[in-house]
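First comes the structure, then the notes that go with it.
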Amino acid sequence: MDSFEPEGNGSEGSLPPPPPVPPNAVPVIADQGLPLEPVKKVSRVPIARRGLGSRGSKLPILTNHFKVNVKINDGYFFHYSVAFSYEDGRPVEGKGVGRKIIDRVQETYDSELAGKDFAYDGEKSLFTVGPLPRNKLEFTVVLEDLTFNRNNGNCSPDGHGSPNESDKKRMRRPNRSKTFKVEISYAAKIPMQAITNALRGQDSENFQEAIRVLDIVLRQHAAKQGCLLVRQSYFHNDPRSFTGVGGGVLGCRGFHSSFRTTQSGLSLNIDVSTTMIVQPGPVVDFLIANQNVRDPFSIDWAKAKRTLKNLRVQTSPANQEYKITGLSDLPCREQTFSLKRKSGKDGSDESEEVTVYDYFVNHRKIELRYSGDLPCINVGKPKRPTFFPLELCSLVSLQRYTKSLSTLQRSSLVEKSRQKPQERMKVLSDALKNNKYDSEPMLHNCGVSISNSFTEVEGRVLQAPRLMFGDREENPRNGRWNLNNKKIVQPSRIEKWAVVNFSARCDTRGLVRDLIKCGGMKGVLVEEPFCVFEEKPQFRRDPPVIRVEKMFEEIQSKLPGPPKFLLCLLPERKNSDLYGPWKRKNLSEFGVVTQCIAPTRVNDQYLTNVLMKVNAKLGGLNSMLSIEHTPSIPVVSKDPTIILGMDVSHGSPGQSDIPSIAAVVSSRQWPLISKYRACVRTQSPKVEMIDNLFKPVSEKEDEGIIRELLVDFYATSKRKPQNIIIFRDGVSESQFNQVLNIELNQIIEACKFLDDQWCPKFVVIVAQKNHHTKFFQPLSPDNVPPGTVIDNKICHPRNYDFYLCAHAGMIVSIQFPRFLTFHFDY
């Protein structure tokens with residue numbers, strides 16, 4: 001059989017090589033003879049700061065940024081990748097073991113590592129200042145008495161930390177030690193000069209990595225103290241930092257710390273942080289609190305199984321730590337397992353079936369008070385379970401509670417987390433001193449030293465804008481105003497409406513009478529309601545969805561047509577289970593405007609607030625800016641301008657199948673900016689970028705959000721917008737590029753789709769609320785006044801960002817939104 005040899009691969013008779021391509025050649029489409037135009041890829045970046053603001057009265061302010069000095073600028077961080085494996089080559093997958101292994105490597109092989117200190121991220125990356133002796137290093141270490149040991153399954157739990165005879169045979173080492181292989185390989189080097197360049201406003205591809213190394217050092221420093229780490233926040237195991245919020249859940253107060261590049265240099269940002277943890281202690285106590293029942297015999301065990309899965313427990317009296325994998329199917333008195341014993345003259349093993357209860361009470365001589373009739377905790381594998389009686393298990397401290405909080409839990413957390421400004425300042429000062437960052441070897445090796453003083457910045461308090469009510473102007477004071485003796489600017493007419501009372505204890509007729517009277521004083525015409533629907537007593541104990549359905553059946557049977565508005569009276573002031581089903585029924589299924597109230601104390605101010613909500617929902621306008629009425633807003637009033645606000649809401653943690661909700665609001669009726677409408681779409685779960693801004697379904701049809709809003713603007717303003725101002729909420733700095741080059745591209749495409757000759761200008765303003773920069777008045781116990789702007793010292797060294805306090809804070813040191821501005825021509 002002849003061997004096959006392809007032509008043109010050096011075989012005899014192959015074609016000669018093609019001629020070289022000239023360097024200035026332009027590609028040509030073969031069938032059309034047309035030159036290919038190169039595709040231009042536009043990449044947008046934030047605009048640089050053009051200067052500092054000057055308006056407003058100056059105010060000295062302290063902020064929770066602490067100046068950082070870096071003495072070494074010419075060195076390098078060396079990045080190494082780390083891999084762990086067992087003796088047999090299997091990779092190590094358990095979390096938390098990495099730090100213990102790396103610590104043992106440093107202890108055992110200090111000379112081979114040239115005495116280098118490590119910054120280890122807890123996973124697969126390790127950093128040093130300067131290089132290790134070789135680019136690839138391999139070590140073997142042994143760790144004893146590991147609490148993360150994988151359970152062998154179906155073993156008889158021993159109360160004294162030593163396994164019984166049958167367990168010993170299944171264990172690799174009687175002393176529970178394990179051998180690990182560690183491989184450290186060179187990955188990259190990062191110049192420390194990148195930090196200095198960033199402080200000068202020079203972009204550097206290594207800057208983020210260099211700052212990441214310093215942040216990893218902070219995390220490692222906290223990990224050595226036994227803290228729970230949540231990104232850049234850390235939480236000590238100190239019961240004084242715990243506060244109960246109900247349901248077996250605790251708020252754990254800790255601290256956030258991260259390095260930031262600012263106009264005045266590198267700074268360390270430290271702030272108070274809170275995470276949710278499960279209540280440590282006996283498992284049964286947690287379950288009783290979690291399910292709000294009186295005793296263990298009232299617990300819903302199917303729900304308990306879901307709640308407990310993957311939580312860690314410590315068993316008594318051995319104090320061994322395990323991860324919960326499930327619950328037994330049978331009670332402790334009935335759940336059996338095979339107990340192996342040595343028996344007979346030849347010492348052979350015999351097994352007998354015993355119950356978990358019998359084993360612990362009769363073999364181990366441990367008294368069980370209430371576990372006999374309850375399920376056992378399973379810490380083994382599905383096919384090889386290991387059971388412990390419930391009362392011998394206690395939940396380990398500092399385990400995160402990642403499920404969504406109820407409304408009651410959230411309100412309790414907010415109430416208990418409040419701190420006065422001076423109190424927070426003292427807590428932060430103490431935290432910085434107690435952390436003792438000066439003793440951290442890696443920071444010392446980098447030449448990093450941290451000041452103990454709050455950074456002082458110059459704030460500017462802007463004058464509050466004047467408001468229009470009716471035909472009168474109002475000057476807000478301390479960020480507040482009211483409608484006393486004033487009328488609404490553009491009142492709506494409340495007609496074809498009814499009242500629905502879900503068993504709220506109040507004088508319904510009197511409430512309606514007072515609402516009509518209050519409306520007359522504010523310029524709102526409130527007609528008499530068609531009917532007051534009282535919930536029938538036999539439905540009061542039904543599930544919320546059924547109660548809403550029954551009420552709607554009655555409404556539909558009595559009203560002559562669909563109502564324009566329904567006023568709903570709820571029995572609970574907060575957290576009513578009826579609220580969600582009621583809103584869903586009205587808004588989603590029937591498109592009826594509704595307002596829910598819980599009328600416990602009704603007065604003129606309360607009714608005025610209700611009227612303002614209803615008026616806005618029915619298309620009215622409560623107030624407007626005086627310069628909007630004139631109109632004399634810079635830029636906005638000169639040329640047609642639309643203002644967009646964009647955000648995405650995601651499902652609660654753990655709800656990965658719940659769609660995210662993208663919402664965009666837009667101004668209408670230019671030159672007004674206080675009139676707006678909303679557009680909502682669902683999209684893939686946990687996706688922050690809005691993917692329905694531009695959605696062409698044919699050559700002439702676009703079903704995207706932006707087209708809908710632009711068409712509405714044109715219909716209400718009779719002009720196309722020449723300026724498009726976009727406020728984008730909920731994105732981090734790492735997502736700025738996506739906002740500017742993906743979302744903004746979609747908006748531009750939507751504009752082109754409507755009119756390819758139309759060239760508006762764009763400004764994108766990112767509003768960030770979830771940052772950790774706080775501001776304090778140095779000589780006052782009060783919060784910083786509303787209208788305060790900070791654009792110096794602690795702001796970005798290049799980007800055009802600033803902090804603005806737009807409202808008054810009641811008790812706590814208030815959160816200033818941070819704004820970053822990007823400006824583009826079409």
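Our estimate of slack between ALA678 and SER732, defined as 0.36 nm per intervening residue step minus the Cα-Cα distance, is 17.1 nm. Using just its DSSP H runs of length 4 or more, each adding -39500 (n - 2.57), the chain gives a mean residue ellipticity at 222 nm of -6000 deg cm²/dmol after division by all residues. Rolling a 1.4 angstrom probe over the chain with all protein chains present gives an accessible area of which 50% lies on carbon and sulfur atoms. Excluding ligands, DNA and RNA, the accessible surface per residue across the range 249-384 is 49 Å² with a 1.4 Å probe. Taken about its Cα centre, the range 355-475 carries a charge dipole of roughly 500 debye when the Cβ of each Lys and Arg holds +1 and the Cβ of each Asp and Glu holds -1. With point charges of +1 on the Cβ of Lys and Arg and -1 on the Cβ of Asp and Glu, referenced to the Cα centre of the range 348-493, which listed residue (PHE454, TRP481, LEU408) lies farthest in the positive direction of the dipole? Value: TRP481. The residues of the range 613-732 have, on average, 48 Å² of accessible surface per residue, using a 1.4 Å probe with all protein chains present. Applying 0.36 nm per residue to the separation of SER85 and ILE72 and subtracting their alpha-carbon distance, the gain on full extension is 1.1 nm. Under 18 Å of direct C-alpha separation, and excluding same-chain neighbours fewer than eight residues apart, LYS550 reaches these aspartates and glutamates: GLU534, GLU535, ASP542, ASP577, GLU589. Can you classify the chain as rounded, prolate or oblate using the Cα gyration tensor, where a ≥ b ≥ c are the square roots of its eigenvalues, rounded means a/c under 1.5, and otherwise it's prolate if a/b beats b/c and oblate if not? It is oblate, given that a/c is not under 1.5 and a/b is not larger than b/c.
Excluding ligands, DNA and RNA, the accessible surface per residue across the range 558-609 is 56 Å² with a 1.4 Å probe.
Kindly flag which residue pairs out of LYS564/LYS761; LYS496/LYS675; LYS71/LYS793 have an alpha-carbon separation exceeding 30 Å in this structure. Pairs exceeding 30 Å: LYS564/LYS761. Here the dipole of the chain is about 2840 debye; that uses its Cα centre as origin and unit charges on the Cβ of Lys and Arg (positive) and Asp and Glu (negative).
Between SER404 and ASP471, full extension at 0.36 nm per residue minus the direct alpha carbon distance yields a gain of 19.5 nm.
Between LYS136 and ASP110, what is the FRET efficiency for a Förster distance of 22 Å, r being their Cβ-Cβ separation, to the nearest 0.05? Calculated transfer efficiency: 0.75.
The values are calculated or read from the model by the stated rules, or taken from the named source; none is laboratory data. What you are looking at is a predicted structure, and each value in this text was computed from that prediction instead of being measured. Positions of Cβ are backbone-derived with ideal geometry, glycine not excepted, and every protein chain shown enters the neighbour counts. These accessible areas exclude ligands, DNA and RNA; they are computed on the full protein's heavy atoms, side chains included. Shrake-Rupley method; radii C 1.70, N 1.55, O 1.52, S 1.80 Å.
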